[in-house]
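Peer 1: This is the structure I have questions about; it appears just below.
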Amino acid sequence: MIPIKTETTNCIMKGNAPDVMDLPVTMYVTEDGIPAMQSCFELSEDELQEINRTGKLYFSLYGNAHPPICLSTVPFVEEADS
């Protein structure tokens, strides 16, 4: 699974270690005025097969605090919204 740029990408969060990739994100503000970020990941054929087999996707976060997240199959920020 690799992070990819989208048409709305407006920021790159730099990886801070050799084994940490840069993360293209779209920074935006929700209708409620809450700052938010969206990123997009492209899955390999093997990863797609594994998700189809198990129906599971795991999310890991470095650190000891877990912010609210949302995993989705559709973007929250569309090209027309940017």
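Throughout, read-outs are computed from the coordinates displayed, never taken from laboratory work. None of these values were measured; they are calculated from a predicted model. Quick reminder, even Gly has a Cβ in these numbers, built from the backbone with ideal geometry, and neighbours come from all protein chains shown.
Peer 1: According to a simple spin-label model (label point 7 Å from Cα along Cα-to-Cβ), what is the distance in nm between THR30 and GLN49?
Peer 2: 3.8 nm
Peer 1: Moving on to the next point. Putting +1 on Lys and Arg Cβ atoms and -1 on Asp and Glu Cβ atoms, find which of VAL25, PRO67, THR6 reaches farthest to the positive end of the dipole of the chain.
Peer 2: The residue sitting farthest along the positive end of the dipole is PRO67.
Peer 1: Want the number for VAL74 to LYS5: 0.36 nm per residue separation, take away the alpha-carbon distance, what's left? Could the numbers behind the result be given before it?
Peer 2: Values: separation 69, 0.36 × 69 = 24.84 nm, distance 1.47 nm.
Length gained between VAL74 and LYS5: 23.4 nm.
Peer 1: Counting other C-beta atoms within 10 Å, which of LEU71, LEU57 has the fewest, and how do the rest follow?
Peer 2: Values: LEU71 7, LEU57 12.
Ascending number of Cβ neighbours within 10 Å: LEU71, LEU57.
Peer 1: Helix 45-54: angle to the longest alpha-carbon principal axis of the chain, degrees 0 to 90, nearest 10?
Peer 2: For helix 45-54, the angle is close to 80 degrees.
Peer 1: Hey, of (i) 68, 21, 19; (ii) 75, 20, 16; (iii) 38, 30, 24, which did the structure itself give for Cα extents along the principal axes in Å when calculated?
Peer 2: (iii)
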